[in-house]
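Notes follow the structure.
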């Protein structure tokens, strides 16, 4: 069982479903509304756990009405929360609009995630003992850099999902072993990704492609399913990839593509992440 430590965000997602997303200045009627725990860090942690890894989470919630529920969703998934702290102020939230085709628009407000600025001794020990450190960019970049440097110094592989896309320091690029990006992110980051030895680019329903340190690419086809909501599919892909990275890129890609596809068949982010059994059943077909 791979040991994964996630340093990342946890949000409450406010999900509204509509037939079509509104144009600027337009009001449309919604078809439904739900509160769904999410955040890229939490989603990826749950996905890695459900794909079979042992997972610990380093992050922050606020002291508002969402905090306990956000903690409970990690506990219920079997993710370790001994390094999850509660900070004064609001928890992170994301306003998500999902249209009739399953496509989404998302606005993220960082809340407590933006105040995750210090990694203490216990955090650093957990990172050093892990097989893979998994990070995203919904927390301060300096925190990600500090975690990545410590991981690199202790032989822990560093996997970064550089989303939402932003300019990264040369120091952070130099500390990354594996990057997972979608096509839009790959286009925005451009040649900066050349600094990373292992890059996986997701292609939506067309699967994903891996580029290794030797420059050789390995494609994996998409898994055809009936799409309901694409929210969280990329996070599910990334978590499953991290859980099986030690088995080699070909096997990890198969797990990731299958898990990501299954995540699109249900509404929501953390609520749509498939179990290991569900992934294995679809893989066996």
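Which one is nearest to residue 147 (Cα to Cα) among residues in region 41-58 that are assigned to a strand (DSSP E or B) and in contact with a helix residue (DSSP H, G or I) (Cβ under 6 Å, 6 or more places away or on another chain)? Among them, the one singled out is 58.
Just so you know, in region 199-217 the residues that are touching a helix residue (DSSP H, G or I) at 6+ places or on another chain (Cβ under 8 Å) and surrounded by 18 or more Cβ atoms within 10 Å (Cβ to Cβ) include one that is farthest from residue 137 (Cα to Cα), and it is 207. When residues in region 156-169 are screened for being in contact (Cβ under 8 Å) with a residue 12 or more places away in the chain and outside any strand (DSSP E or B), 9 of them pass.
Scanning region 223-238 for residues that are touching a helix residue (DSSP H, G or I) at 6+ places or on another chain (Cβ under 6 Å) and assigned to a helix (DSSP H, G or I) yields 233, 235, 236, 237, 238. The requirement of being modelled with pLDDT under 95, within 23 Å of residue 138 (Cα to Cα) and crowded, with 24+ Cβ neighbours inside 10 Å is satisfied by residue 233.
Of note, residue 179 satisfies the criterion of being part of a strand (DSSP E or B) and touching a residue at least 12 places away in the same chain (Cβ under 8 Å). Can you confirm whether region 183-195 contains a residue that is crowded, with 24+ Cβ neighbours inside 10 Å, touching a residue at least 24 places away in the same chain (Cβ under 8 Å) and assigned to a helix (DSSP H, G or I)? Within region 183-195, none of the residues are crowded, with 24+ Cβ neighbours inside 10 Å, touching a residue at least 24 places away in the same chain (Cβ under 8 Å) and assigned to a helix (DSSP H, G or I). When restricted to residues that are in contact (Cβ under 8 Å) with a residue 12 or more places away in the chain, surrounded by fewer than 16 Cβ atoms within 10 Å (Cβ to Cβ) and part of a helix (DSSP H, G or I), region 239-280 contains 3.
The values are calculated or read from the model by the stated rules, or taken from the named source; none is laboratory data. Values in this document were obtained by computation on a predicted structure and should not be read as measured data. Note that we place each Cβ from the backbone using ideal geometry, even for glycine, and neighbour counts take in every protein chain shown.
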